[in-house]
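Notes to accompany the following structure.
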Amino acid sequence: MTSATELDPAQESPLARIAQKSWTYVLGVGVLAMLLGIMTLAWPAPTLLVVAIMFGAYLLTRGILDLITAFGPDTPGSFRVLGVLSGVISIILGVMCLRSELQSLVFLAVWIGIGWIISGVSGAIQALSAPKQAGRGWAIVSGVIGFIGGVVLIVSPLSSIAMLTIFSAIFLIFIGATQIGLAFSLRSARKKAPAAATSVPSE
């Protein structure tokens, strides 16, 4: 008899293959977040200037694309109205951001805050509702940190640019650390994942 751990990779169960792929993805995200956090702490002023300009350019580009899509031949009437509104608002915000880096950073703080809250709440709820989920504790911690960070950014967009930089950098480092911990938990679960067949007959 051949044990499950000796099976050809093609014979692994879908759960094992998903775990293998997801842990490397989560690890990459975690490492990238930590690197961005460290770079932001090391070079705060240049980082903020680049981020402010890129955010304004993103909003402007997004608005133009929304308008193009809204007037497309296959766009329904209701979506066309929403597309035009979204496009016009994005263009206005984009121009405002490009005219003022400070204003861009305030918009970005609120934007990020909303995203952190949504991501944190959904991640924590998903982990709490799945008692057997691999890396459940790390996922809950990551969700709670994201929610708290989002609330702080929205309630107080951090009048001090330096404070925003430090807070964002520390948040990225913490999130990166929790994502790395989650990745290794998934890697451990991948090793324990049951194979599609527990054994294969030997001839």
Practice task
Name, by its number, the condition in (1) loosely packed, with under 15 Cβ neighbours inside 10 Å; (2) assigned to a helix (DSSP H, G or I) that does not hold for residue 143.
Solution key: (1)
Completion exercise
Reported set for the stretch 27-75 where residues are farther than 30 Å from residue 183 by Cβ and not in a helix (DSSP H, G or I) is 71, 72, 73, 74, 75
Practice task
With the condition kept exactly as written, say whether any residue in the stretch 55-67 is closer than 21 Å to residue 170 by Cβ and within 24 Å of the chain's Cα centre (by Cα).
Solution key: yes
Fill in the blank from the handout: Of the listed residues (67, 36), the one being in contact (Cβ under 8 Å) with a residue 12 or more places away in the chain and within 29 Å of residue 145 (Cα to Cα) is 36
Exercise for the section: Answer yes or no: is there a residue in the stretch 122-138 that is of a type in the set (Ser, Thr, Tyr), within 30 Å of residue 187 (Cβ to Cβ), part of a helix (DSSP H, G or I) and within 24 Å of the chain's Cα centre (by Cα). Expected result: yes
Exercise for the section: Report the residue count in the stretch 150-203 for those that are touching a Pro at 6+ places or on another chain (Cβ under 9 Å), surrounded by 13 or more Cβ atoms within 10 Å (Cβ to Cβ) and modelled with pLDDT under 65. Expected result: 2
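Kindly indicate which of 61, 47 is of a type in the set (Val, Ile, Thr), loosely packed, with under 14 Cβ neighbours inside 10 Å and touching a residue at least 24 places away in the same chain (Cβ under 8 Å).
Values: 47 fails: loosely packed, with under 14 Cβ neighbours inside 10 Å.
Every option except 61 fails the conditions.
The values are calculated or read from the model by the stated rules, or taken from the named source; none is laboratory data. Quick caveat, the model's predicted, so the values are computed rather than measured. Methodologically, a virtual Cβ is constructed for each residue, glycine included, from the backbone with ideal geometry; neighbour enumeration extends over all protein chains shown.
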